[in-house]
1. Taking the Cβ-Cβ separation of ALA460 and LEU170 as r and a Förster radius of 51 Å, what is the calculated FRET efficiency to the nearest 0.05?
2. Starting from the eigenvalues of the Cα gyration tensor, five times each then square-rooted, give me the equivalent ellipsoid semi-axes of the range 217-376, largest first, whole Å.
3. Out of every Cα-Cα pair in the range 208-261, what percent are more than 17 Å apart?
4. Using Cα centres only, tell me the gap between the range 167-190 and the range 60-87 in whole Å.
Amino acid sequence: MDARSPEAADAPLSHAEIRTIIVGVMLAMFLSALDQTIIATALPTIGASFGDLESLSWVVTAYLLTGTAVTPLVGKLADIHGPRPVLLVSIAFFLIGSVMCALAPGMIWLIVGRAVQGLGGGGLIALAQTIIGLLVAPRERGRYQGYFAVVFITSSIGGPILGGFFAEHLHWSLIFWINVPLGIAAAAMSDRALRNLPAHHHPHRLDILGALLMCVATVALLLALSWGGTHFRWFSAPIMSLLAVSVLVWAAFGLRVATAAEPLLPVAVLANQVVRTGVPAAAFAMGTLVGLSIQMPLYLEGVMGLTASQSGVALIPLMGGVVVGATGAGRAMGHVTHYKRLPVVGLVASILSLALVAFWPHPLHVVTVALAMGVTGVGLGTVLPISTVAVQNAVPLPQMGTATGVINFFRSLGSAVLTAGFGAIVIGMSGVEGSALLERLLAGTTQVTPLADAFQWMFAAAAVSLGVSLIAILAMEERPLRSGHAPATALSE
């Protein structure tokens, strides 16, 4: 059967039952987490393989775009049908997209495959967070942080190393083929484990029109950021037209949110003060993290002269630091009253580390860069669990999936926009065309001075982005964490 018996549904799950469900979900989370880290160090090699470095940002952006669009829909589908069938469908889309990427004959097909992959991957982490929100009260959630630490430590450290090793010594397509056995195992384990999940089904309507408007507005903005300064001048007619279209469609999206019976982003949820401030804090933090993880391999290989394998090792401090910060903050959150202080201190440390790399005369030693990125990662990591748990703590249980979808929607949107923005800074301000930069990477050039100068601006932009996240965290109301599944305070508070 799909759920526990009606008599057992109201009884609380034991620690052993919760652990069984979490272990089943962990492998599904691992798929999405590994995909975000394993591809980063392989991107320069993929660009060299297809002879197209300028389109590389779309390999990441296509995934983020479809993942962004599907995340709120996945949250509502989980509220309607329960998370188990939605999780299984998400894994299926992820596997189909992975096979398409592995077999891609060119950059366009790879980007299409990544878009399909994003339809599945975008919902995996959001669904896992929803399941944990249904199972475990906010104050008690730290007890299970160790399980997720295993997932993110493994993916954060193993992903960059595997990606660099596959790209340099074997073939980059293996970073996608590896998803197939993992995905099949994740589907089997999740299907079995989630049958014990208590039923929490709530009626919702799906706002397909809202999702389409969001996609069009985002694509127009990302095209402007990707083409500005490379294919067209920033103030040329095509770029200004794309920006105008983006503004108009975003306005239409806002109107849809305000007038639809049940919009993609519910007004009642957005009106919550914790949601209104916690979401932008998470969005700018996650966007900065993804943007840095994508651009750092190019910095390490194109500026510092490292190989793909070496850049994978050098990326570990950033990704591993995120795990350390997130795990520590998650565990501490249930034991301290003023949990906001954790991300405040973390973000200040991250901003100072990025400022060091941005304003210190280059070249910096690779160890210095690695240490700075490690501190940045730890600080970034503190924001992610605090913002997610605070938002889930502020909404009633029937809105858990929807609220989790909202925060992941903006995290994905921030990742897509900031990744494209960081890429525009690097390519646009380096004065080096993508083809010329590609030739230098293939030739093994160890120093590209214009590129190094552009990266200093990118690090400065990352520091500013985290400054916005810090302001949002400071403004977020610090509500006491619930110890049980009692309804949250009214959404309008």
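1. Plugging the Cβ-Cβ distance into 1/(1 + (r/R0)^6) gives 0.90.
2. On the way: eigenvalues 216, 156, 30 Å².
Semi-axes (√(5λ), whole Å): 33, 28, 12.
3. On the way: 542 of 1431 pairs.
When all Cα pairs of the range 208-261 are counted, 38 percent exceed 17 Å.
4. Between the Cα centre of the range 167-190 and that of the range 60-87, the gap is 21 Å.
Here, each number is a calculation from the coordinates, and none is a lab measurement. Every value quoted in this text rests on a predicted model; they were computed, and no experiment measured them. Methodologically, a virtual Cβ is constructed for each residue, glycine included, from the backbone with ideal geometry; neighbour enumeration extends over all protein chains shown.
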